[in-house]
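What follows is one structure encoded as C-alpha cells, with my remarks underneath.
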Amino acid sequence: MRIEAISVIPQVFEPYVSSSILGRAQKAGVFSFEAYDLREWTHDRHRTVDDAPFGGGQGMLMKPEPIFEAVEDVSARDAVRPHVVFFSPCGTPFTQAVAERLSKKERLLFVCGRYEGMDERAYTLADEVVSLGDYVLTGGELAALAVTDAVVRLLPGALGDEMSALDESFSDGLLEYAQYTRPAEFRGMCVPEVLLSGDHGAVGRWRRESSLRRTAALRPDLISSAGLSESERALVARLLEEEKESAGEGGAHGQAL
Ligand code: SAM
C-alpha cells in the first residue's frame with residue numbers, strides 16, 4: 001500500500017512512521033509513506049496557504065487553490081488514483097470497520113487541515129471525510145497518523161504474529177478479553193486458574209466470557225451489533241445482572257473479567 005499525506009507541517013510524520021512496527025513494515029515493503037508540504041503549491045513570496053473567512057469570524061481558513069493543486073498534482077504522480085481522505089471533527093467517526101475498509105485500498109492520500117479548517121469547496125476533492133472523535137485537534141496530522149497506524153497493522157506482514165490483529169478489540173465487534181503474563185500471583189492478585197490449566201477449550205470459553213462481560217460493562221452500545229448467539233445474549237443479560245449486583249466493587253478492568 002502507498003500512503004501519502006499533504007500537510008503544512010510534513011516533518012511531523014517521519015519520526016512516527018519510521019519507528020517500531022510501522023518502521024519495520026516500511027522496510028519490509030508492506031507500505032510506503034510520503035508527506036508533502038502544502039506550501040509547495042503556493043505561488044506567492046510568503047507561500048500563503050490561509051486567508052480570512054468571508055463573513056468575518058475568528059481565525060484563518062485554508063485557501064482552496066493550493067489544496068486543489070496539491071491533490072491533483074500528487075494524484076497524477078501514479079497510475080493508481082488515490083482514495084482521498086480529509087479530516088474534520090464533522091467527518092465520519094473513525095472505527096475499526098473504517099480502518100478495515102481503508103486497508104483494502106491500494107493508495108491513500110490524506111489531506112490534513114490546520115487553522116480554523118478549510119474553505120468548504122476543498123472538501124469536493126475528498127472521497128471521504130474522517131473524524132477521529134468528538135473533540136477538536138489543532139490539525140489533521142494526528143488523525144492521519146492514527147489512521148495510518150490502524151490501517152497498516154491490518155496489512156499482511158505488518159505484525160510479527162499474523163493472528164494478533166484477528167484477536168483484538170473490535171475485530172469481532174467486542175472488546176478484547178482480559179490478558180495476563182507472569183507472575184501468576186502479583187501483590188495478592190492471582191491470574192484466573194483456567195488460564196494456567198492448559199485446557200484450550202476452557203481457555204477459549206473463559207476468554208469469550210471475559211470479552212462479553214467487559215463489553216457489556218464498558219461498551220454496552222457494541223453488544224447489539226456484535227452478532228451474538230441466543231445463548232450468548234442470555235449470558236450477557238446474566239452478566240449485566242451480576243454487574244448491577246456487584247456495582248461499587250470496582251470497574252470492569254482489573255477484576256479478572
Ligand atoms: N473549525 C473546525 C471545527 O470546528 O470543526 C476545527 C478546525 S481544527 C482546529 C483544524 C483541523 O484539525 C481540521 O481542519 C482537521 O483537519 C483537524 N481536526 C481537528 N479535530 C479533528 C478531529 N476530531 N478529527 C479529525 N480531524 C480533526
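The values are calculated or read from the model by the stated rules, or taken from the named source; none is laboratory data. The model shown is predicted, which means the values in this text are computed figures rather than measured ones. Cβ: placed from backbone, ideal geometry, glycine included. Neighbour counts: every protein chain shown. Areas reflect the complete protein model, heavy atoms only, side chains present, ligands, DNA and RNA absent. Shrake-Rupley method; radii C 1.70, N 1.55, O 1.52, S 1.80 Å.
Look at E141 and say whether it is within 30 Å of V49 (Cα to Cα), of a type in the set (D, E, K, R) and in contact with a helix residue (DSSP H, G or I) (Cβ under 6 Å, 6 or more places away or on another chain).
In short, yes.
Give me a count of the residues in the range 1-22 that are closer than 27 Å to M62 by Cβ, in a helix (DSSP H, G or I) and open to solvent by 30 Å² or more (accessible area, probe 1.4 Å).
Result for the range 1-22: 5.
Give all pairs with beta carbons closer than 7 Å in which a residue from the range 33-54 that is of a type in the set (V, I, T) meets a residue that is open to solvent by 60 Å² or more (accessible area, probe 1.4 Å); count only pairs at least 6 apart in sequence or on separate chains.
V49/R39
Take the conditions surrounded by fewer than 18 Cβ atoms within 10 Å (Cβ to Cβ), within 25 Å of S171 (Cα to Cα) and either away from the ligand (no atom under 14 Å from the Cβ) or at pLDDT 95 or above (or both) and apply them to A99. Does it pass?
No; evaluated as a whole, the condition is false for this residue.
Would you check which residues across the range 106-147 are in contact with an Asp or Glu (Cβ under 9 Å, 6 or more places away or on another chain) and of a type outside the set (D, E) and list them?
R107, L108, L109, F110, C112, R114, Y115, L125, listed by residue number.
Report yes if R81 is surrounded by 13 or more Cβ atoms within 10 Å (Cβ to Cβ) and in a loop (DSSP other than H, G, I, E, B), otherwise no.
Spelling it out, it is not the case that R81 is surrounded by 13 or more Cβ atoms within 10 Å (Cβ to Cβ) and in a loop (DSSP other than H, G, I, E, B).
Scan the range 127-144 for residues that are aliphatic (A, V, I, L, M) and either more than 11 Å from the ligand (Cβ to nearest atom) or open to solvent by less than 10 Å² (accessible area, probe 1.4 Å) (or both) and report the count.
3
Which numbered condition trips up E116, out of (1) open to solvent by 30 Å² or more (accessible area, probe 1.4 Å); (2) over 21 Å from R219 (Cβ atoms); (3) without any contact (Cβ under 8 Å) to a residue 60 or more places away in the chain; (4) of a type in the set (D, E, K, R)?
(3)
Please verify whether L166 is within 26 Å of the chain's Cα centre (by Cα) and not assigned by TED's automatic domain parsing to the domain that holds E100, treating the condition exactly as stated.
When the stated conditions are applied, L166 passes them.
So V191 clears everything in (1) open to solvent by less than 20 Å² (accessible area, probe 1.4 Å); (2) of a type outside the set (D, E); (3) within 16 Å of the ligand (Cβ to nearest atom) except one condition, right? Which one?
Unmet condition: (3).
Which one is nearest to the ligand (Cβ to nearest atom), of the residues in the range 49-87 that are at positive phi and modelled with pLDDT of 95 or more?
If we take residues in the range 49-87 being at positive phi and modelled with pLDDT of 95 or more, then G59 is nearest to the ligand (Cβ to nearest atom).
Any residue that is in contact (Cβ under 8 Å) with a residue 60 or more places away in the chain and over 19 Å from V85 (Cβ atoms) - is there at least one of those in the range 6-21?
Yes, there is a match, as at least one residue in the range 6-21 is in contact (Cβ under 8 Å) with a residue 60 or more places away in the chain and over 19 Å from V85 (Cβ atoms).
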